[in-house]
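The values are calculated or read from the model by the stated rules, or taken from the named source; none is laboratory data. None of the values given here were measured: they were computed from a predicted structure. Heads up, the Cβs are rebuilt from the backbone with ideal geometry, glycines too, and the neighbour counts pull from every protein chain shown. Ligands, DNA and RNA are stripped out before the accessible areas are found, and what is left, the full protein with its side chains, is counted by its heavy atoms. Shrake-Rupley method; radii C 1.70, N 1.55, O 1.52, S 1.80 Å.
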Number of protein chains: 2
Amino acid sequence: MGMNDNIQIHMDEYLPLRDVVFKTLRQGILTGELKPGERLMEIHLATRLGVSRTPIREAIRMLELEGLVTMIPRRGAEVAQITEKNLRDVLEVRRALDALAVELACERITGEEKQALADACEEFERATGSKDAKVITQADVKLHDIIVTAARNERLTKLVNDMSEQMYRYRFEYIKDETKHQSLIEEHRIIYRSIVECDKQTASEAIKTHIDNQEKSIINQIYARQA
Amino acid sequence: MGMNDNIQIHMDEYLPLRDVVFKTLRQGILTGELKPGERLMEIHLATRLGVSRTPIREAIRMLELEGLVTMIPRRGAEVAQITEKNLRDVLEVRRALDALAVELACERITGEEKQALADACEEFERATGSKDAKVITQADVKLHDIIVTAARNERLTKLVNDMSEQMYRYRFEYIKDETKHQSLIEEHRIIYRSIVECDKQTASEAIKTHIDNQEKSIINQIYARQA
DNA sequence: ATACAATCCTTTGTATACAAAATGCAGAGA
DNA sequence: TCTCTGCATTTTGTATACAAAGGATTGTAT
């Protein structure tokens, strides 16, 4: 030992092309670069990304299962339509899962994590000062990450992360709205305090409010865009 | 209209090979035919199922995202290990989602569905009399299907179905245990009644108890198998 | 001008071929 | 006997080739 620790080979840098393609397409869809309804044609994507059709196809299979693309038999894939119903469905589920996460976190959070959570709250407050949506978003993500991690449930973590990512583009817009910042800070504080005090009831209510506010904002955005 | 209705071509019979392979492998894993830790080698599977490697690979990508197989870089896929932690995680989430489902069902269930639910309850009672685990399981699935459908949330439906399927093999064993039948019937009745009466609180508690009982049984089974 | 039909072209679905990495085994040396 | 090294085999990762289905376009007939 000792020597091996220095080697520090980034052996884990290897990623199959399918995963690269998967992440790329996913990113494209979530940021809106690839628009809903847009067809995903294999040769097209393959030449564009400089790979063959095989990794593209495998990536599409993954996106399909995540619900980000819709398959039409013998016609191929297209970026899934986002309907209002669809979003409400996702948020409805996410609300329940986030509530579960904070309740579990109340029971299982460690001392270190409590500290990390406190730090993350402060960090978020500072980030709102920066007026940089990206920084704020990162702080927000960090905070929520600590909570779901503290829930000690891998399946839950994966689900919550998947669902948050689906709202990526909307969350970004939401966080740009500075009038919401103060209430966000307040919500985070309540969540933090109730988790530390192991007050499941309050924590769960607070996170539900948190999601509900996001929902309202997102629904507004949809109408705004349509108009 | 009229004429076209008669044609009734089963045009939708077409399924890409990848989906056939997917379903086959999935079934194999869930029934325990393919055991945890078993390697899934592509050529092997391909010759066995009489197809080429391509559909096999695409099916594996899907299974991977469902968490049924684990990928080891440059080594391929193997059937995911089922740990006790893993099962507890799934059940913990399922508990919350099922609770959400009944609560939503309380609000949204239609008159027809109420009738269907009543029928399904009776059907289940009759099924327990048959002593045929398969028949009983079917009746149980039917009942739960009606509930999640009544929740009117497609995302939720998909998640709940996925999670139930993951416990397929255990559920089967559970339902074989005749000593549990009476309490199962009782639980179903409570759930049914509270949904009809739109009593979310009771419905949610009842379904949670329902899942908790399943959990106990499953954990017991695991210890029994290990011993 | 419109409707219908044949044909071509695009695109997916599937199979196969080739390259690179990893594993296992055997043999040589200490 | 044990270990290390090198080779052979296996298996994945990626690319390409071929077939069939769908859609579009063009031409023709009414």
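Relative contact order, whole percent, for chain B stands at 22, derived from Cα pairs under 8 Å and 6 or more residues apart.
Each other copy places its own label point for A:Lys131 at 7.9 nm from this one, sorted shortest first, where the point lies 7 Å along the Cα-to-beta carbon line. The accessible area of B:Phe22, taken with all protein chains in place and a 1.4 Å probe, comes to roughly 30 Å².
For B:Gln221, the point set 7 Å out from Cα toward Cβ sits 4.2 nm from its twins in the other copies, listed from shortest up. Position A:Val20: other-copy label points at 3.4 nm, ordered by increasing distance, label point 7 Å along Cα→C-beta. Carbon and sulfur atoms: what percent of the 1.4 Å accessible area of chain B do they account for? The computed percentage sits at 52. Each Cα pair under 8 Å and six or more residues apart adds its sequence gap; the mean of these over the residue count of the stretch B:23-142 is a relative contact order of 18 percent. In the assembled protein chains, A:Ser164 presents an accessible area of approximately 20 Å² (probe radius 1.4 Å).
To the nearest ten degrees, helix A:111-130 and the longest principal axis of the Cα atoms of chain A are 70 degrees apart. Pairs from the list A:Lys23/B:Lys35; A:Lys158/B:Lys158; A:Lys200/B:Lys208 with a Cα-Cα gap above 22 Å: A:Lys23/B:Lys35. The angle between the Cα long axis of helix A:84-108 and the longest principal axis of the Cα atoms of chain A comes to about 50 degrees, rounded to the nearest 10. Between chain B and chain A, the total buried accessible area stands at approximately 2900 Å², from heavy atoms with a 1.4 Å probe. The modelled label-to-label distance between B:Arg39 and A:Glu107, using points 7 Å beyond Cα along the C-beta direction, is 4.0 nm. Principal-axis analysis of the Cα atoms of chain B puts helix B:181-196 at an angle of about 70° to the longest axis. Cross-link pairs exceeding 32 Å between alpha carbons, from the set A:Lys85/A:Lys176; A:Lys180/B:Lys114; B:Lys131/B:Lys216; A:Lys142/B:Lys114: A:Lys180/B:Lys114; A:Lys142/B:Lys114.
Accessible area per residue for the stretch A:84-226, computed on protein heavy atoms with a 1.4 Å probe, is 47 Å². Relative to one another, the C-alpha centroids of the stretch B:23-79 and the stretch A:177-227 are positioned 41 Å apart.
Counting every alpha-carbon pair across chain A, the share separated by more than 29 Å comes to 39%.
For the stretch B:164-227, taking Cα atoms only, Rg and Dmax work out to 13.3, 45 Å respectively.
Longest exposed-loop-site-free stretch of chain B, with trypsin sites (Lys or Arg not before Pro), DSSP loop and at most 15 other Cβ within 10 Å? Could the numbers behind the result be given before it?
Details: sites that count: B:Arg74, B:Arg75, B:Lys131.
The longest such stretch corresponds to B:132-227.
Restriction of the GluC sites (Glu not before Pro) in the stretch A:129-227 to DSSP coil positions whose beta-carbon has at most 16 other beta-carbons within 10 angstrom yields A:Glu197. Here the contact order of the stretch B:133-227, divided by its residue count and restricted to Cα pairs under 8 Å and six or more residues apart, works out to 26 percent.
Evaluated at q = 0.14 Å⁻¹, the base-10 log of the normalised Debye intensity for the stretch B:11-79, with identical point scatterers placed on the Cα atoms, takes the values -0.38. With helices as the sole contributors, chain A gives -24500 deg cm²/dmol at 222 nm; each DSSP H run of n ≥ 4 counts as -39500 (n - 2.57), and the sum is divided by every residue. Compared with its chain on its own, the stretch A:141-155 contains the following residues whose accessible area drops by 40 Å² or more in the full protein assembly (probe 1.4 Å; ligands, DNA and RNA excluded): A:Asn153, A:Arg155.
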